Amino acid sequence: MTQPVLSLRPIALAVLLLAPLQPARAQAFEDPAAIDREVAAFTGVPIGAPGGAAREVDRRLRLVACPDPLALSWRGDAHASVLVECPAGWHIYVATMPAGTRQSAAAAVIERGQAVTVAVTGEGFSVSQPAEALEPGAVGAWIRVRTQAKADPVQAMVVRPGVVEVPVE
């Protein structure tokens, strides 16, 4: 007895052959809102309040879902940010608002659209370049800046009028 011959168009055949692979390619990501809740619980302060996260974790992040509980710790003696680590391999820093700081328009030393110098600093080095402030900020506040017209914004801490800093470990 002969086996029946399956006659399918190439596209239909490809769909049938690849269909079982679809669930394997789907990948779960860590929920940024869950990271926000973890940071708020760690700091004991809600987002935007002095001592807590300066703003929500960027919703565009696609971090692989962590199979273990996240590990949180303060970064630096001044508690400038919270280190959020997944033991399986990734980590991020969440900027915090310095305790005792209230960000207001009157206290802002950098205005939205202002030309600023952004310095990337670490132990024994400092590299700087011009940038544009995308929001106002007081000394100690974390704001978004852009170094080029089509570049993604980065978070930087306001150091003094016209100067922001991105510290690197």
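Values for this structure:
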| item | result |
| --- | --- |
| Residue among GLU135, GLU85 that alone is among the charged types (D, E, K, R), in the same structural domain as PRO50 (by TED's automatic domain parsing) and either touching a residue at least 12 places away in the same chain (Cβ under 8 Å) or under 19 Å from VAL45 (Cβ atoms) (or both) | GLU85 |
| Residue check for ALA119: of a type outside the set (D, E, K, R), part of a loop (DSSP other than H, G, I, E, B) and under 19 Å from VAL164 (Cα atoms) | no |
| Which numbered condition VAL84 misses (of (1) at pLDDT 90 or above; (2) part of a loop (DSSP other than H, G, I, E, B); (3) under 18 Å from GLU38 (Cα atoms)) | (2) |
| Residue list for the stretch 111-134, filter: surrounded by fewer than 17 Cβ atoms within 10 Å (Cβ to Cβ), of a type in the set (D, E, K, R) and at pLDDT 90 or above | GLU111, ARG112 |
| Selected residue (criterion: farthest from ALA40 (Cα to Cα)) from residues of the stretch 64-79 that are in contact with an Asp or Glu (Cβ under 9 Å, 6 or more places away or on another chain) and either part of a strand (DSSP E or B) or not assigned by TED's automatic domain parsing to the domain that holds ALA54 (or both) | VAL64 |
| Options ALA95, ALA149; residue that is over 21 Å from ARG55 (Cα atoms) and touching a strand residue (DSSP E or B) at 6+ places or on another chain (Cβ under 9 Å) | ALA149 |
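Residue-by-condition table, conditions (1) within 18 Å of GLN155 (Cα to Cα); (2) at pLDDT below 90; (3) crowded, with 17+ Cβ neighbours inside 10 Å:
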position	(1), (2), (3)
LEU16	no, yes, no
ALA19	no, yes, no
GLN27	no, yes, no
PHE42	no, no, yes
ALA53	yes, yes, yes
ALA65	no, no, no
GLY76	yes, yes, no
ALA80	yes, yes, yes
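The values are calculated or read from the model by the stated rules, or taken from the named source; none is laboratory data. Model, not experiment: these values are computed from the prediction. Note that we place each Cβ from the backbone using ideal geometry, even for glycine, and neighbour counts take in every protein chain shown.
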